[in-house]
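Student: For reference, the structure I am asking about is given below.
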């Protein structure tokens, strides 16, 4: 059982603070978004940290599992911790994330999706982000565009 599942079993549907990471995977000035099967909206790829991992290892593992890509988290773009990012899942679970958005580097030629979690992956120009993109991910795209070397805190 994953760490977050252990917490959920102990605390029920109470709001949990969970640490996770998201990836800014860029090709030709476009960012990769994935459509999550759980709620059908677009988001940046990533996932939750497990015990024994650094946050960079978390993201690199998730990118390998979800997208079959060997990539490295190279630069921290932004950090999200404000309660406004609290998310509710279809089953009623709620999390307040502590999420870090990293710029990823590596070969993207082997991109293939893990169909148990993701139903689609596409690159989008910032001005073409779909309307059904999670608000959190919309902010991440804005932050990637505005990033100038200083970490953005939200």
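Student: Just for the Cα atoms in region 17-153, what are the lengths along the principal axes, largest first, rounded to whole Å?
Tutor: For region 17-153, the Cα spread along each principal axis is 37, 36, 35 Å.
Student: Right, next: Under a point spin-label approximation (7 Å from Cα along Cα-to-Cβ), what is the residue 68-residue 125 distance to one decimal in nm?
Tutor: Once both label points are built, they end up 2.9 nm from each other.
Student: Next question. For 123, 136, what ranking results if the residue with the fewest other Cβ atoms within 10 Å of its Cβ goes first?
Tutor: Ordered by Cβ neighbours within 10 Å, fewest first: 123, 136.
Student: Something else about it: Using Cα centres only, tell me the gap between region 12-56 and region 78-154 in whole Å.
Tutor: Result: 6 Å between the Cα centres.
Student: Neighbouring Cβ atoms within 10 Å as the yardstick, rank 78, 54, 22 fewest first.
Tutor: 54, 78, 22
Student: Quote the FRET efficiency, to the nearest 0.05, computed for residue 145 versus residue 81 with a Förster distance R0 of 22 Å and r equal to the Cβ-Cβ distance. Mind dumping the intermediate values first?
Tutor: Details: r = 21 Å, r/R0 = 0.95.
Efficiency, from the Cβ-Cβ distance: 0.60.
Student: A further question on this structure: Using Cα atoms only, what is the angle between the long axis of helix 135-146 and the major principal axis of the chain, expressed in degrees (0 to 90) to the nearest 10?
Tutor: Value to nearest ten degrees: 40.
Student: Treat each spin label as a single point 7 Å out from the Cα along the C-beta direction, and report the residue 11 to residue 89 distance in nm.
Tutor: So the label points at residue 11 and residue 89 sit 1.3 nm apart.
Student: Also, I was wondering about something else. Specify the angular offset, from 0 to 90 degrees and rounded to the nearest 10, of the alpha carbon long axis of helix 55-67 from the longest principal axis of the alpha carbons in the chain.
Tutor: The helix 55-67 is inclined about 80 degrees to the chain.
Student: What share of the DSSP beta bridges in the chain is antiparallel, in percent to the nearest 5?
Tutor: 65
Student: Please work out how much length the chain gains when fully extended from residue 57 to residue 111, using 0.36 nm per residue of separation minus the C-alpha to C-alpha distance, in nm with one decimal.
Tutor: 17.6 nm
Student: Binning every alpha carbon pair distance of region 28-78 at 5 Å from zero, what are the percents per bin?
Tutor: 4, 18, 25, 28, 17, 7, 1, 0
Coordinate-derived values only; no laboratory data. Keep in mind that what you see is a predicted model, and the values were worked out from it rather than measured. Don't worry about glycine lacking a Cβ; one is built from the backbone with ideal geometry, like all the others, and counts go over all protein chains shown.
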